[in-house]
Amino acid sequence: MRIHLLFLFQALDLQKKGNLVELMDPKLGSNFNEEEAIKIIKVALSCTNPSSVVRPTMSAVVRMLEGDICVEELMMDQSEYGDDFRFKSLRDKYYELQHQNSREGQTLID
């Protein structure tokens, strides 16, 4: 679960920076539809919202993925995950790893 949360925090950070495409596996090169990939990532992030009231229903998820409804730009506040000590600890670890890896020229998902 820890790596999943670290990945989530990285995704939220990249979303805030407007650079979700960095989540894509570099091995894909340019062999993917960037617009579709970003849409799928945004839908996935909307499903991780800590508030069940804000998370989309499965029927809404399907409609978003099929293109029937627009995927709204969802900017989640990472502090929403900080209510639990575990999340704070994992968030801190993410930022520590991010800082360490940036000095080494790596990313968390190399």
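In sequence order, the stretch 5-15 has phi-based couplings of 5, 4, 5, 4, 5, 5, 4, 5, 5, 5, 5 Hz under the Karplus curve 6.51 cos²θ - 1.76 cosθ + 1.60, θ = phi - 60°, and Gly or Pro positions carry x.
For the stretch 17-32, backbone phi angles converted through the Karplus equation (6.51, -1.76, 1.60; θ = phi - 60°) give residue-by-residue couplings of 7, x, 9, 4, 4, 5, 6, 5, 5, x, 5, 6, x, 10, 8, 7 Hz, Gly and Pro being listed as x.
Between the amide H of I69 and those of M64, distances stay under 5 Å, these residues lying 5 or more places away or on another chain, with hydrogens modeled in the peptide plane.
Where a number appears in this text, it was derived from the coordinates with a stated rule and is not lab data. If you're wondering where the values come from, they're calculated on a predicted model, not measured in any experiment.
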